[in-house]
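Before any comments, here is the structure.
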Amino acid sequence: MLLLWVLNLIIPINSKLLFVFSHFRHGARGPWENVNISSGIDILDEKWNGIGELTGAGMRMHYLEGYYMKNKYKDFINLNKYNKDEFIILSTLMNRTILSAYSQLIGMFPPGSGYKLNENQIKFAKINYGNYSEDVKTKINELKEFSIEKGLTIFPINVINPKDRLMRLDKGNVCPYSEYIKKTNKKKGKYNNTMNLFIKDFNDIYGNYFKEAFNIKDDFYKDFSNIYNLADAFISSYFDGRDMTKLKNITLNNNFYKFALNVSFFHTFNHSFRGDDSDILSIISMSPIFEKILYWMNKRIELHKNNKSDIIEENSPKMVFLSAHDSTLAAQSVFFNKLFNIKYDEANFAANFQLELNYNETSKNYYINYITNGKLNYTFDYNNFTNTITKNIKNKNEINKFCDTQIGFTFWFIYFIIALILVFIMIILVIFIPRIKKEDDDNQYEQI
């Protein structure tokens, strides 16, 4: 594989692109911890439109990414008209990921690429409100043949149901046993040693600054979660171009921005996926989606072998977008590190990890380019890639068995038994203490 990667850098390859999988993080968002629900104000006294919601800056990030994708893949997919079988869009069940997907798609499919109506369709495309007002009549004339103003395209976003266990298996509501794995990881020496270094560095370098900003005397940043929440709020405000007036009187250089990113990176990667054991959670998290990716790739190869690579069929898309989170990108990064010894990639706002399936028309081989944030990271031989992944991923039954491991039941069962014992002891005390006291009183009476 290394030789193929090197040759790919120095020798031009006459290749044909067959399939693209693009997995990206949502754009810039507001903080999602320590935000007052009613006021929307965070710990830096910044006001947000909801908790963890996509910001205007986040929308712009993905619009520009979509514009970049349009230019890159203009000869690969039909950008003049969206085709749901050619291009599948997936998103997790969060506003910020759904809106990020929309923003990127608008960048790819610009105004004028939407649906057009013929004269008969225009005739019947009406609402049953009786006579139209003059402003509605004016708008109809402005629309001309387009369904929607300026010919914008409307896209079907396939929102992933957590119950399907396709993504986010590091979350307890999707895979309950994952919470036990994460708690176990946090107790490991590697995690705690690094966490303590972050706590020490923060208090040694920045502690006094934030004591001044928050007007406090005690070191309440001895808990890593407090440092993470502060870093998250700082990063959110930083990417939203805010002045952060609460911090205006303290001296923070660009090093704190890097520190905050490192805190976020550590929290995402180590909390969930990089335990001291076998990084099993990254395997579990990536197994369902990579089973689908291999299926889609195989479908495109079958079509290519039959000289039908330009044919669009149901369940054999040429491109798939997955709008998700830093945790899902972290899972993929750890997954690739474990299987292929590829270095980790950071998953900042709008980060994008892509897999491109190509056919080398010179060597007659299929290969995959792994592109992270616009740069070629690695090139895989297709057979080696698929064989390695197939050997390591878990099937649906194995995933369900893992996720439904009854640690939760055992945990609550132990608590139930303890509760019963305590109740039993209380009953004994309630029944026998009065008797013991009565016997003592009787003995005292007899002695008198």
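Quick notes on this structure:
- Residues being aliphatic (A, V, I, L, M) and out of contact with any strand residue (DSSP E or B) (no Cβ under 9 Å at 6 or more places or on another chain) - total across the range 287-308: 1
- All conditions in (1) surrounded by fewer than 17 Cβ atoms within 10 Å (Cβ to Cβ); (2) among the aliphatic types (A, V, I, L, M); (3) modelled with pLDDT under 85 hold for LEU252, with the sole exception of (1).
- The residue that is surrounded by the most Cβ atoms within 10 Å (Cβ to Cβ), counting only those in the range 88-118 that are among the small types (Gly, Ala, Ser) and assigned to a helix (DSSP H, G or I), is SER100.
- Of all the listed residues (ASN71, ASN49, ASN36, ASN83), the sole one being of a type outside the set (Lys, Arg) and in a helix (DSSP H, G or I) is ASN71.
- Residues in the range 240-249 that are farther than 14 Å from TYR209 by Cβ and part of a loop (DSSP other than H, G, I, E, B) were compared, and the one that is modelled with the lowest pLDDT is ASP243.
- ILE414 vs. criteria assigned to a helix (DSSP H, G or I) and either β-branched (Val, Ile, Thr) or modelled with pLDDT of 95 or more (or both): yes
- The condition of being touching a Leu at 6+ places or on another chain (Cβ under 7 Å) and either of a type in the set (Lys, Arg) or over 27 Å from LYS299 (Cα atoms) (or both) holds for ALA347.
- Residue check for ASN383: modelled with pLDDT of 95 or more, under 30 Å from MET69 (Cα atoms) and surrounded by fewer than 16 Cβ atoms within 10 Å (Cβ to Cβ): yes
- Note on the range 297-332: residues that are of a type in the set (A, V, I, L, M) and either surrounded by 23 or more Cβ atoms within 10 Å (Cβ to Cβ) or part of a helix (DSSP H, G or I) (or both) total 8.
- Test for THR153: is it under 27 Å from GLY56 (Cα atoms), polar (S, T, N, Q) and in contact with a Pro (Cβ under 9 Å, 6 or more places away or on another chain): yes
- Pick from the range 357-374, criterion under 23 Å from the mean Cα position of the chain (by Cα) and among the polar types (S, T, N, Q), ranking: surrounded by the fewest Cβ atoms within 10 Å (Cβ to Cβ): ASN373
- Selected residue (criterion: surrounded by the most Cβ atoms within 10 Å (Cβ to Cβ)) from residues of the range 143-168 that are out of contact with any helix residue (DSSP H, G or I) (no Cβ under 7 Å at 6 or more places or on another chain) and either part of a helix (DSSP H, G or I) or at positive phi (or both): GLY151
- Filter result for LYS190 (touching a residue at least 60 places away in the same chain (Cβ under 8 Å), surrounded by 15 or more Cβ atoms within 10 Å (Cβ to Cβ), in contact with a helix residue (DSSP H, G or I) (Cβ under 9 Å, 6 or more places away or on another chain) and basic (Lys, Arg)): no
The values are calculated or read from the model by the stated rules, or taken from the named source; none is laboratory data. If you're wondering where the values come from, they're calculated on a predicted model, not measured in any experiment. Methodologically, a virtual Cβ is constructed for each residue, glycine included, from the backbone with ideal geometry; neighbour enumeration extends over all protein chains shown.
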